[in-house]
Amino acid sequence: MLDSKTKSVLLERIRTVVGSDHVTVNETDAILNAHDANPLSEAKIRAGESLPLADLIVFPASTEEVSKVLKLANELRVPVVPVGGGAGTCGGTLPVYGGIQLDLKRMDKVILIDNQSMLVQVQAGVVGIDLEEEVNRQGYTTGHTPTSLRASNVGGFIATRSGGSMSSLYGKIEDLTLGLEVVLADGSVIRCKAVPRHSVGPDLKQLFIGSEGTLCVITEATLRLFPLPKERRFRSMSFPDVHSGLEAIRLIFREGVLPSVVRLYDPEDTALHVSSHFDVEEGSCMLMLAFDGRAEKVAVEESIAAEICLKNGAKDYGEGPSRYWWEHRYDMYYPTKFATSGYSVGDTIDIVATYDKLENVYHEMKKAMEAHDAVVMSHFSHMYPNGGSIYMIFFVSKEDASSAWSAYKGIWDDGVAACLRMGGTMSHQHGVGTTRSTYTEAEWGSGFQVLRQIKEVLDPNGIMNPGKLGMGGRS
Ligand SMILES: Cc1cc2nc3c(=O)[nH]c(=O)nc-3n(C[C@H](O)[C@H](O)[C@H](O)COP(=O)(O)OP(=O)(O)OC[C@H]3O[C@@H](n4cnc5c(N)ncnc54)[C@H](O)[C@@H]3O)c2cc1C
């Protein structure tokens, strides 16, 4: 928290930058902004615990205003926490050292749709669904459809290196972002030109993609567009076990087929999410596939994929479970059906590994997490030619708050340790935030020192989102 003198000087000066209506010191606003979609924060609030609050919440309208706010914060050594949609799951927007929450929601313009190059230039605060619907009206899709599409914005997508449910075909946000504008801690504005690629040294924009507000504020981006697919076909296959399902996925990619959706549910996740609507054998694993494009191309891809699945022991379920998932994929979240009660808490550890390690990572993590009396269910989604991610979902319930929070921590500690031991990487799409901050150094190894040095150069006063991405805190 800021001392009252610094707070009042800052408030006065920020009012002159964004106008009095666009900065708040109201406690109710601060309480509402004190958490994101991190399940532990939500469980703590439910249990009556309080979380750190921001001193001010500021809503800039332009890159110039962002730059002025950062200059001021840098001069007064005040922490700045960028806020996108606030739907991150890792506590990235929590103002752990107070200061300013810089909320980009007013910067929500679609600036330009370039039909010739198939690009869209946007301000960082545009909400995912608003952008998608706007480009849909022009016959395009961004191809970026995370389940948080209705709650997150473009700046948040880029800051967390997010991945959409169709990333196997269209790519992840780092593939989709061609141009970027960011503001550094000292207020300087950096523009990375939108080009398909370049060979003028390292790709600077990739340094900012995934930086979670610790290096810069993202203010604008230029994203790729794709023509809306003429056809989207669904196919579902049930496998006797995880092993045969993963092997079929690997072979589908090896054959050069790129489905838009690839999701393999383990027996527990199949039982919970599929068996309530479809007749599936106990212990089986449902694979959901989708294919996008012209009818002829899609038909060939579907038939190659189906042939591979059947050769690997699958039972054909037609389009049923896959189409059902697609049509109901937001039901669980809007409004959320995840609300737990009492001292229960659930979360997801989304990890990524290459095919040679994926299955071992899955089994070892599951064992490590279940050792804490957690219910664990998983699906393999966001699959690629060389490997893919596992979405390890857990729930744990205890008699009192301190046992619940310590079980939660134990599940994370041991789950991540098992992932790293077996050669996986601890986050595929959700980022690091506060939840994974303490494991960052183990994940990066000696490379972490380089990241720290970059941080020291770009943000010598440590004002940018302190305490996140393993970047330590402030005194
Ligand atoms: C129901 C639900 C479903 C989800 N599904 C997916 C999914 O399918 N795929 C996926 O990848 N993720 C998913 N997520 C996680 C989350 O929504 C993503 O991580 C998303 O990218 C976060 O965007 P946001 O705008 O909500 O970011 P926020 O929560 O506001 O911020 C996240 C982090 O980014 C920083 N940040 C935000 N905006 C900026 C900016 N302009 N400049 C610099 N830093 C910034 C913040 O400081 C913070 O550290 C899901 C979350 C929920 C709750």
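Residues in the stretch 84-133 that are within 9 Å of the ligand (Cβ to nearest atom), without any contact (Cβ under 8 Å) to a residue 60 or more places away in the chain and hydrophobic (A, V, I, L, M, F, W, C): 127 alone.
Within the stretch 144-187, the residues that satisfy the criterion of being more than 18 Å from residue 388 (Cα to Cα) and assigned to a loop (DSSP other than H, G, I, E, B) are 148, 149, 150, 151, 152, 185, 186, 187. Of all the residues in the stretch 63-83, those that are farther than 25 Å from residue 149 by Cβ and touching a residue at least 24 places away in the same chain (Cβ under 8 Å) number 14.
Scanning the stretch 4-18 for residues that are among the polar types (S, T, N, Q) and loosely packed, with under 10 Cβ neighbours inside 10 Å yields a single hit, 4. Give me the residue from the stretch 175-204 that is farther than 22 Å from residue 86 by Cβ and acidic (Asp, Glu) and, out of that set, farthest from the ligand (Cβ to nearest atom). This residue is 203.
Got a number for residues in the stretch 211-248 being within 16 Å of the ligand (Cβ to nearest atom), over 30 Å from residue 359 (Cα atoms) and part of a loop (DSSP other than H, G, I, E, B)? Number satisfying all stated conditions: 3. Exactly one residue out of 269, 331 is of a type outside the set (Lys, Arg), within 16 Å of the ligand (Cβ to nearest atom), without any contact (Cβ under 8 Å) to a residue 40 or more places away in the chain and under 25 Å from residue 164 (Cβ atoms), and it is 331. Among the residues of the stretch 152-163, those that are crowded, with 22+ Cβ neighbours inside 10 Å and either in contact with a Leu (Cβ under 8 Å, 6 or more places away or on another chain) or among the charged types (D, E, K, R) (or both) comprise 153, 154, 155, 158.
Confirm whether residue 81 is within 19 Å of residue 154 (Cα to Cα) and crowded, with 23+ Cβ neighbours inside 10 Å. Considered against the rule, which asks whether it is within 19 Å of residue 154 (Cα to Cα) and crowded, with 23+ Cβ neighbours inside 10 Å, residue 81 comes out as yes. Scanning the stretch 23-51 for residues that are within 16 Å of the ligand (Cβ to nearest atom) and touching a Phe, Trp or Tyr at 6+ places or on another chain (Cβ under 8 Å) returns 39, 40, 43. When you scan the stretch 420-428, do you find a residue that is in a helix (DSSP H, G or I), outside the structural domain of residue 73 (by TED's automatic domain parsing) and out of contact with any Phe, Trp or Tyr (no Cβ under 7 Å at 6 or more places or on another chain), even just one? Yes - at least one qualifying residue is present in the stretch 420-428. Against the definition (among the polar types (S, T, N, Q), assigned by TED's automatic domain parsing to the domain that holds residue 12 and surrounded by 16 or more Cβ atoms within 10 Å (Cβ to Cβ)), how does residue 50 come out, yes or no? So residue 50 fails the test. Scanning the stretch 365-412 for residues that are closer than 22 Å to residue 44 by Cβ and without any contact (Cβ under 8 Å) to a residue 24 or more places away in the chain, which turns out surrounded by the most Cβ atoms within 10 Å (Cβ to Cβ)? Among those residues, the one meeting the criterion is 409. Taken as a whole, the stretch 275-292 holds no residue that is under 20 Å from residue 166 (Cβ atoms) and out of contact with any strand residue (DSSP E or B) (no Cβ under 6 Å at 6 or more places or on another chain).
Per-residue answers, yes or no, for (1) out of contact with any helix residue (DSSP H, G or I) (no Cβ under 8 Å at 6 or more places or on another chain); (2) modelled with pLDDT of 95 or more; (3) over 24 Å from residue 332 (Cα atoms):
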{"site": "360", "(1), (2), (3)": "yes, yes, yes"}
{"site": "375", "(1), (2), (3)": "no, yes, no"}
{"site": "410", "(1), (2), (3)": "yes, yes, yes"}
{"site": "421", "(1), (2), (3)": "no, yes, yes"}
{"site": "443", "(1), (2), (3)": "no, yes, yes"}
{"site": "448", "(1), (2), (3)": "no, yes, yes"}
{"site": "470", "(1), (2), (3)": "no, no, yes"}
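Against the list (1) at pLDDT 95 or above; (2) more than 16 Å from the ligand (Cβ to nearest atom); (3) assigned to a helix (DSSP H, G or I), the condition residue 454 fails is (2). Can you say whether residue 49 is without any contact (Cβ under 8 Å) to a residue 60 or more places away in the chain, over 19 Å from residue 24 (Cβ atoms) and out of contact with any strand residue (DSSP E or B) (no Cβ under 7 Å at 6 or more places or on another chain), as far as the supplied structure shows? Spelling it out, it is not the case that residue 49 is without any contact (Cβ under 8 Å) to a residue 60 or more places away in the chain, over 19 Å from residue 24 (Cβ atoms) and out of contact with any strand residue (DSSP E or B) (no Cβ under 7 Å at 6 or more places or on another chain).
The values are calculated or read from the model by the stated rules, or taken from the named source; none is laboratory data. Everything quoted here is computed from the prediction, not taken from an experiment. Neighbour counts are summed over all protein chains in view; Cβ atoms, including those assigned to glycine, are modelled from backbone coordinates with ideal geometry.
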